[in-house]
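Engineer: I have a structure I would like to understand better, so I am pasting it below and will then ask my questions one at a time.
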Amino acid sequence: MEFIKQLKERAAANKQRIVLPEGTEERTLSAADIILSEGFANIILIGSPDKIGSEATRLGLKNIDKAVIVDPNNHPKLDDYANYLYEIRQSKGLTLEEARKLVTNPLYLSVLMIKNRDADGEVAGADNATGDVLRPAFQIVKTLPGISVVSGAFVMILNNKEFGENGMMVFADCAVHPDPTARELAEIAVASASTARSIAGFKEPRIAMLSFSTKGSAKHAMVDKVVEATKIAKEMAPELLIDGDLQSDAAIIPAIGTKKAGNSPVAGKANVLIFPNLECGNIAYKLVQRMANAEAIGPVLQGMAAPINDLSRGCSVSDIVNLVAITANQAAGI
Ligand code: ACO
């Protein structure tokens with residue numbers, strides 16, 4: 001796929017260290033082997049070196065010796081990491097003893113490595129639930145300045161090239177924050193504009209704040225939230241093209257956009273769709289993926305102070321390779 005090829009080329013030009021905490025998991029190891037053979041990122045695998053070695057042999061992988069392997073029970077900085085974790089989480093009731101135990105958990109160790117600049121980004125989730133991957137990241141690296149919530153965007157690649165940017169669109173939040181306030185929804189929109197630029201390569205993100213109402217056609221507290229979020233997003237980033245409340249047809253079909261929201265800079269030509277809550281976003285991206293046979297690339301986590309991305313447990317080897325390419329681009333700040 002051209003999009004992924006470009007991401008890999010950009011990543012290869014500025015190689016980052018991506019840590020894979022599920023280093024003994026079969027699909028993760030196979031993905032690491034492909035990434036190392038293609039050479040677009042440096043890979044750190046967390047797991048027992050013996051287990052990684054025997055799995056690599058069993059799977060016939062030829063490139064794993066190019067990875068850095070970190071034994072979670074034997075990392076030279078475990079004490080430093082435990083002290084740091086205790087320092088930042090003691091106010092939340094964490095004891096030093098608990099911190100010492102937590103740092104040997106690969107999902108905590110990987111985030112502490114990133115925080116300590118011993119790695120540049122992380123991809124996990126082939127073997128662990130979303131909450132278990134995200135919690136250490138929320139606790140340790142936290143969010144970017146001005147952003148209080150992490151959210152998850154998908155780059156959707158549609159067969160119908162009339163939509164978005166030659167068939168490419170960004171959908172958010174489809175993965176993380178169940179019920180955002182108006183302020184949080186505004187932050188999700190602003191963060192999605194960055195993802196649209198840096199990952200999807202859109203020069204001009206055009207952001208539709210979706211609702212079941214277009215320009216006040218329906219009255220409801222849910223519509224009020226979207227209207228308020230649009231106002232806040234415009235204040236946060238006055239340079240962005242952003243509009244709402246818009247129904248999805250008014251957002252993406254030019255004739256309907258013109259009819260329902262005539263002077264909107266976004267209606268009819270949106271390339272970024274912001275859903276009012278996670279139910280809408282998650283349901284919508286999966287329906288488009290299945291019913292329109294679209295590629296759904298992500299979730300790309302946005303708003304986090306370091307690039308950490310979560311896989312679905314049903315992921316394929318190529319899903320992991322692709323998400324590492326995205327994470328490497330985020331880490332390089334490309
Ligand atoms: N952004 C930033 N920080 C957050 C966020 C967020 N979106 N959500 C929680 N946090 C922080 C909290 O402030 C808290 O920090 P603190 O301990 O320093 O005070 C910490 O994370 C833990 O907060 P909890 O409310 O206890 O969060 P919990 O860990 O229970 O849940 C989670 C977070 C797992 C992300 C939850 O919101 C969730 O389950 N979301 C849905 C995920 C999901 O199932 N998505 C659909 C599947 S993914 C897919 O289909 C692609």
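The values are calculated or read from the model by the stated rules, or taken from the named source; none is laboratory data. Treat the numbers as computed from the prediction; the structure is a model and nothing was measured. Here the Cβ positions follow ideal geometry from the backbone for every residue, glycine too, while neighbour counts run over all protein chains shown.
Engineer: If we keep just the residues of segment 265-292 that are part of a loop (DSSP other than H, G, I, E, B) and touching a Lys or Arg at 6+ places or on another chain (Cβ under 8 Å), which is nearest to ASN166 (Cα to Cα)? Quick ask: steps written out before the conclusion?
Structural biologist: Taking segment 265-292 and keeping what is part of a loop (DSSP other than H, G, I, E, B), we get 265-271, 275-277, 292.
Those left that are additionally touching a Lys or Arg at 6+ places or on another chain (Cβ under 8 Å): 265-267, 269-271, 276.
On the way: PRO265: 18, VAL266: 16, ALA267: 16, LYS269: 11, ALA270: 12, ASN271: 9, PRO276: 25 Å.
Among those residues, the one meeting the criterion is ASN271.
Engineer: For residues that are surrounded by 22 or more Cβ atoms within 10 Å (Cβ to Cβ) and within 23 Å of ALA182 (Cβ to Cβ), tally how many sit in segment 258-290. Write out each step before concluding.
Structural biologist: So the first thing to find is which residues in segment 258-290 are surrounded by 22 or more Cβ atoms within 10 Å (Cβ to Cβ), and the list is 261, 264, 266-268, 270-276, 281, 285.
Those still in the list that are within 23 Å of ALA182 (Cβ to Cβ) too: 261, 264, 266-267, 270-276, 281, 285.
Residues meeting the conditions: 13.
Engineer: At least 1 residues that are over 22 Å from GLY262 (Cβ atoms) in each: list the strands (runs of 3 or more DSSP E) lying fully within segment 146-226 that qualify.
Structural biologist: Values: elements: 151-157, 168-172, 206-210.
Fully inside segment 146-226 and qualifying: 151-157, 168-172.
Engineer: Okay, moving on. Looking at segment 158-174 only, could you name the residues that are crowded, with 20+ Cβ neighbours inside 10 Å and more than 15 Å from the ligand (Cβ to nearest atom)?
Structural biologist: Step one: list which residues in segment 158-174 are crowded, with 20+ Cβ neighbours inside 10 Å, which gives 163-164, 168-174.
Correct list: PHE163, GLY164, MET168, MET169.
Engineer: Continuing with this model, one more query. Among the listed residues ALA296, ALA292, ALA284, identify the single one that is closer than 28 Å to VAL226 by Cα, within 12 Å of the ligand (Cβ to nearest atom) and modelled with pLDDT of 95 or more. Spell out the reasoning first.
Structural biologist: Numbers: ALA296 fails: modelled with pLDDT of 95 or more; ALA292 fails: within 12 Å of the ligand (Cβ to nearest atom).
Answer to the selection: ALA284.
Engineer: Could you pull out the residue among LEU61, LEU20 that is surrounded by 14 or more Cβ atoms within 10 Å (Cβ to Cβ) and more than 21 Å from the chain's Cα centre (by Cα)? It would help to see each step written out before you state the result.
Structural biologist: Working: LEU20 fails: more than 21 Å from the chain's Cα centre (by Cα).
Selected residue: LEU61, the only one of LEU61, LEU20 that is surrounded by 14 or more Cβ atoms within 10 Å (Cβ to Cβ) and more than 21 Å from the chain's Cα centre (by Cα).
Engineer: Out of GLU87, GLU55, GLU97, GLU122, which single residue is within 22 Å of the chain's Cα centre (by Cα) and either surrounded by 16 or more Cβ atoms within 10 Å (Cβ to Cβ) or without any contact (Cβ under 8 Å) to a residue 12 or more places away in the chain (or both)?
Structural biologist: Values: GLU87 fails: within 22 Å of the chain's Cα centre (by Cα); GLU55 fails: within 22 Å of the chain's Cα centre (by Cα); GLU97 fails: within 22 Å of the chain's Cα centre (by Cα).
Within the list GLU87, GLU55, GLU97, GLU122, the selection yields GLU122.
Engineer: Could you go through segment 315-329 and let me know if any residue there is among the hydroxyl-bearing types (Ser, Thr, Tyr) and within 13 Å of the ligand (Cβ to nearest atom).
Structural biologist: Start the filter on segment 315-329 by keeping residues that are among the hydroxyl-bearing types (Ser, Thr, Tyr), which leaves 316, 318, 327.
Add one more test, that the residue is within 13 Å of the ligand (Cβ to nearest atom), and what stays is none.
Checked segment 315-329: no residue is among the hydroxyl-bearing types (Ser, Thr, Tyr) and within 13 Å of the ligand (Cβ to nearest atom).
Engineer: Another question, then. Just to check your reading of the model, which residue among ALA328, ALA306 is buried (at least 24 other Cβ atoms within 10 Å of the Cβ) and of a type in the set (A, V, I, L, M, F, W, C)? Break it down into steps so the answer makes sense when it comes.
Structural biologist: Numbers: ALA306 fails: buried (at least 24 other Cβ atoms within 10 Å of the Cβ).
Within the list ALA328, ALA306, the selection yields ALA328.
Engineer: What number of residues within segment 116-153 are more than 8 Å from the ligand (Cβ to nearest atom), at pLDDT 95 or above, under 28 Å from LEU273 (Cβ atoms) and of a type in the set (Val, Ile, Thr)?
Structural biologist: So the answer is 3.
Engineer: Contact list please: Cβ distance under 7 Å, first residue in segment 216-242 and free of Cβ contacts under 8 Å to residues at least 12 places away in the same chain, second residue outside any helix (DSSP H, G or I), pairs at least six apart or on different chains.
Structural biologist: ALA218/PHE212; LYS234/ILE242
Engineer: Please name all residue pairs, on different chains or six or more residues apart, with Cβ atoms under 8 Å, provided the first residue is in segment 156-184 and is under 25 Å from GLY268 (Cα atoms) and in contact (Cβ under 8 Å) with a residue 24 or more places away in the chain and the second residue is outside any strand (DSSP E or B) and among the basic types (Lys, Arg).
Structural biologist: Once the first residue is under 25 Å from GLY268 (Cα atoms) and in contact (Cβ under 8 Å) with a residue 24 or more places away in the chain and sits in segment 156-184, its partners that are outside any strand (DSSP E or B) and among the basic types (Lys, Arg) give ALA182/LYS225.
Engineer: OK, next. Being over 25 Å from the mean Cα position of the chain (by Cα) and part of a helix (DSSP H, G or I) is the filter here, so list the residues in segment 232-254 that pass it.
Structural biologist: ASP249, ALA250, PRO254
Engineer: Just give me the residues in segment 72-83 being buried (at least 19 other Cβ atoms within 10 Å of the Cβ) and not hydrophobic (A, V, I, L, M, F, W, C), in sequence order. First the steps, then the outcome.
Structural biologist: Initially, segment 72-83 is screened for residues buried (at least 19 other Cβ atoms within 10 Å of the Cβ), giving 72, 81-82.
Matches in segment 72-83: PRO72, TYR81.
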